[in-house]
Structure formats: C-alpha cells, structure tokens
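Structure, as structure tokens:
None of the figures in this text is laboratory data; all of them are computed from the coordinates on show. Predicted, not measured: the structure shown is a model, and the values here were computed from it. We place every Cβ from the backbone using ideal geometry, glycine too, and count neighbours over all the protein chains shown.
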Amino acid sequence: METAAFIDEISRRLVGYIESSSENSRVNPSLSLQSMRKTLELGLPLDGHGLNSVLDDLDLFITNSVKTNRPEFMNPLWGGLSLPAFAGEVIAALTNNSMYTYELSPIATVIEQTIVKRMCEMVGYPDGFGTFTTGGSNGNMLGMLCAREQLISGSTKRGFDGRSTVIFVSAEAHYSVLMAANVIGIGHQNIIKVQCDEDGRMRPDRLEEEISFARQEGLRPLCIVATAATTVRGAYDDIDALADIAHREGLWLHVDAAWGGTCLFSTEHARLMDGVDKADSVCWDAHKMMGVPLICSAFLIKAPSVLRRLCDHTNVAHYLFHSDSELDDLGRYSLQCARRNDALKLWLDWRARGDAGWAKMVDGRMEDAAYLQHNIEAHPSLEMMSSRMWTNVCFRYTSSAKGLDLNELNTEIRNRMIQEGSFMVSRSNIGDDVILRMVVANQNLNRETLDRFLERVVHHGEEVVRGLPPA
C-alpha cells in the first residue's frame, strides 16, 4: 500500500471515531477481560503481516477501547477531544523531536519556554521557570525533590538519611505523594497526613500542631504539600494560610494543582487558589480540565536555580549539552533525557482558544456542575455527600428500604452502568461511605448528558431496591 493511500485509510478511521461521539452506542467495550484474552488474536508473529494488516489491527483496537471522546465518559479527571490539541499530538509524533536540546528541537523549545513562562505568570512567578513532565505525580515528586535540595543542601550529590525527615500533606492528598516519598528516600511512613475539615480542606491549625509535634519528636520537617482540588471532592486547601505557616517554619510549600490549576483562567474562580504566588512550586496538568490529550503536564518553580541544581547531572553529558546553548537546553531542567514534545498540542489549543476561551470553559463547567448538584438536591432519592468547590460532584442514591446497605447499593448501580455501557463514572469513598463521584471535565458533555446520567442512576437504584426481598 502506498503512503498516501495508507494515510487516507487512517484519516477515515479518525473521522469515524470522532463522529462516533454522537452515536447511541457503548462508551466501553462489551468484551470482558477473559473474553478478550480468549477471542482476540493479539500475538506477535515471527513473520510480519505487512502494512495492510495494520488497518485491521487498528479496527480491532478502536472497537475494543473505551471511547473517551464520548460525553458519557466521566470516570477520571479528563475526557473529550480537542481538535487543535489532537492535531498537535499527531504532528509531534510525526516530527518526533526530543526536548533535551535546542539543537534538536528549536521551535518546540521556544514554544515550551513560551508556555511555561506564561503559566508562571499566571501563578505569580515573574522570574519562575519549569518543565513539562510525565504527569502530576512526577510534578509532585519534583516539588519534593526541590524541597530536599533547597533545605538539605548537597543532598542531590551526597545523598541523605531520610528516616527522620517528614512531609506534611492533606489527609485527602493524591496517592502520588507516597510514591514520591519512596523515590526521594524518606518512605511512606514519614508522610504525615494532616486532618481535613468537613469540606475536605487541610486544617491549618492541625498542620501547625503536627509540625510542632514532629519537631518535639526529633523529626526534620521538609515541606508542605497543599492540594488545589483534591481527587475525590475537588477541595482546595487554603494556600494563603498554609503559605504563612510554611514561611514561618522555614519549609518549602509545593502546590498540587494538577486537577484544579485551570481555575486561574476564570476571573470568578481564580480566588480558589489565592496565595499560590507565595508557594515555592506548583504542578498543573493541562490534560485534565483543559482537555489536552494525555500527557500534558507542567512543573513550575519560583526559583529556577533550585531545579537547575537538582538536574545538574546533565553537566557530564558532553555529547548532548554545550555551553553555547546552556540557557535554552530544556534538558538541563528535567530529570528526563529523551522527552517527547508535549508543548505543541497545548500551544495550538491555547492559540485557538485564547485566555478568554479557557475562562469561558471553566465558567461553563462550573455552571454545569452547579446544575447537576441542583438536580441531585431536588431529587428525593439522591443526596450530595460533600460540599462542592470545583466540578467534582459527590453523591449517592439513597433509599428508606429496611436492611439496605447503601454502600452495596451504590456499588451495584455503578456496576450496572458499566455493564450496560451507558456511563463510566467513578466509585469513591468519603469516610466509610461509598459514593458516586462525577466530574464535569469532558468538553463533549452537555446538560442533556447530565440529565441522562441521573436518569440511569435512578433507574438502576429503583431496580435494585425493587429486587430486594420483602422486609
């Protein structure tokens, strides 16, 4: 098959996939894991099947994939499809640049610098810089590593004994802080989870108590990790108050804004991150609320020299890095060597929308979340399980039927929606309660989608309750 004909066939599949978002079909594949393993021919051959077989294999893959472009996909903190960003993803793969040196990625380097500096301006770091990373988990790890380098000078080169070093996080912080604790050498048990208030925000008074207690026990506080939109509830910690404590205690403050950073575009909702300019570092995922394809994540730092010291292992790579481009080789600010061009897709989307487009998107998502919350509160069989600050809507189906376990009921409701392929929504926990966590992030959903979603929740809830044996 000729190149042009092959690409035409690929294009036909791309258009078909995009247009399928409006079809009345499943959002997830119907085959179970066991069925896929038994019935799909996925083995790697000794002799290749040729280019024509690629098209059949692509059809197989698309048919058996979750349709993340569909509006019914509302399970994680991302979803939908942006055409400008998709174009950037395709061209980034085609041009196959690696972002460690300006020489190999000239315009991509300038584009990434432009985006990082603009994001730094938005968080209040006029002299800041940063790097694109493999996601918010990596961004949180970078923040903790920078805290270690800043407060335990030379630890990057000499290492350190982290058994008495502690980090303070919200009790509802993302699990990646445990991964980072492992990587930076302090261990899971040295992550101190600070009690949250009834809205899921870290309590500043309890943070102060935990820091004081840790010092009394002979432990060495390293940093505080604030969360700007927690994974389950979408709660924003009081960054202003936590920054005052961090400065008074001489601790690094990192803000995990992977999910909630996009609020900064909105004149009305940017207040959720008041005080972020006082933090030392921030991570922010454009692949979440901004809808850019995975992966697209930035780590931002107020004092770039700290990140540069953390990454000065690059000095030995004489075969890559040279003094004449020292200020523009982005590999000097990254723990990665080979790194794909994730900036292009965000740049194209940002150029297409502008700041005003992002602001309109944020305000619209918040209005949709408020609409969903209102309908839940108005329904006799539904109840909100948490206050709402961002677009996370945490609720459950409830019933007065005697002997009914509401945790089992809501688990079954979600399972039935997954089985029928109607909606994908997260099952989470708040305390001991199982809840349905719906996030308004997928840019393809609308209020008709939200209405259909609640209709299916209620339908399955009523069906389960009707099927109960009489009390």
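Diffusion coefficient of segment 3-67 by Stokes-Einstein, Kirkwood radius over Cα pairs, 37 °C, 0.692 mPa s: 241 µm²/s.
Where a ≥ b ≥ c are the square roots of the eigenvalues of the C-alpha gyration tensor, would you call segment 88-350 rounded, which needs a/c under 1.5, or, failing that, prolate if a/b is larger than b/c, or oblate? The shape class here is oblate. Taking 4 °C and 1.567 mPa s as conditions, segment 197-347 diffuses translationally at an estimated 74 µm²/s according to Stokes-Einstein applied to its Kirkwood radius (Cα pairs). Pairs from the table (LYS157/LYS278; LYS67/LYS117; LYS67/LYS288; LYS157/LYS193) lying more than 25 angstrom apart at Cα are LYS157/LYS278; LYS67/LYS117; LYS157/LYS193. Taking a sphere under 14 Å around the Cβ of VAL27 and counting the other residues whose Cβ falls inside, with K and R at +1 and D and E at -1, yields a net charge of +4. For segment 87-221, the pair-distance distribution built from all alpha carbon pairs, in bins 10 Å wide starting at 0, is 10, 29, 32, 19, 9, 1 percent. Rounded to whole Å, the principal axis extents of the Cα atoms in the chain read 68, 66, 46, largest first.
Using bins of 10 Å that start at zero, the share of Cα-Cα pairs per bin across segment 152-191 amounts to 29, 52, 17, 1, in whole %. Note on TRP78, TRP259: ascending count of other Cβ atoms within 10 Å places them as TRP78, TRP259, the fewest first.
For the chain, relative contact order (Cα pairs under 8 Å, six or more residues apart, normalised by length) works out to 21 percent. Under 5 Å from the amide H of SER386 lie the amide H atoms of CYS394, each residue being 5 or more positions distant or on a separate chain, with H modelled from the backbone and absent for Pro and chain starts. Take 407-420, 429-442 and order them by the average number of nearby Cβ atoms within 10 Å per residue, most first; the result is 429-442, 407-420.
Our note on the geometry: Cα centres of segment 150-185 and segment 1-16, 48 Å apart. Each peptide in 244-253, 66-75 receives the mean, over its residues, of other Cβ atoms within 10 Å, and ordering these scores from highest gives 66-75, 244-253. Taking a straight line from the alpha carbon of LYS345, these aspartates and glutamates sit under 12 Å away, with near neighbours fewer than eight places off in the same chain left out: GLU89, GLU112. Here is the list for segment 3-62: GluC sites (Glu not before Pro) lying in DSSP coil, each with at most 12 other C-beta atoms within 10 angstrom of its C-beta, are GLU23, GLU41. A straight line joining the Cα centroids of segment 235-288 and segment 405-439 runs 30 Å. Each helix, a run of at least 4 DSSP H residues, gives -39500 (n - 2.57); summed and divided by the residues of the chain, these come to -13500 deg cm²/dmol at 222 nm. 3J(HN,Hα) along segment 413-427: 4, 5, 4, 5, 5, 5, 5, 7, x, 7, 8, 10, 9, 7, 9 Hz, from the Karplus curve 6.51 cos²θ - 1.76 cosθ + 1.60 with θ = phi - 60°, whole Hz, x for Gly and Pro.
The shape of segment 364-468 can be summarised by an equivalent ellipsoid whose semi-axes, obtained from the alpha carbon gyration tensor, come to 22, 15, 12 Å from longest to shortest.
What the Cα convex hull of segment 186-245 gives, in volume per residue, is 92 Å³.
Sorted ascending by nearby beta carbons within 10 Å, beginning with the fewest, TYR125, TYR236 become TYR125, TYR236.
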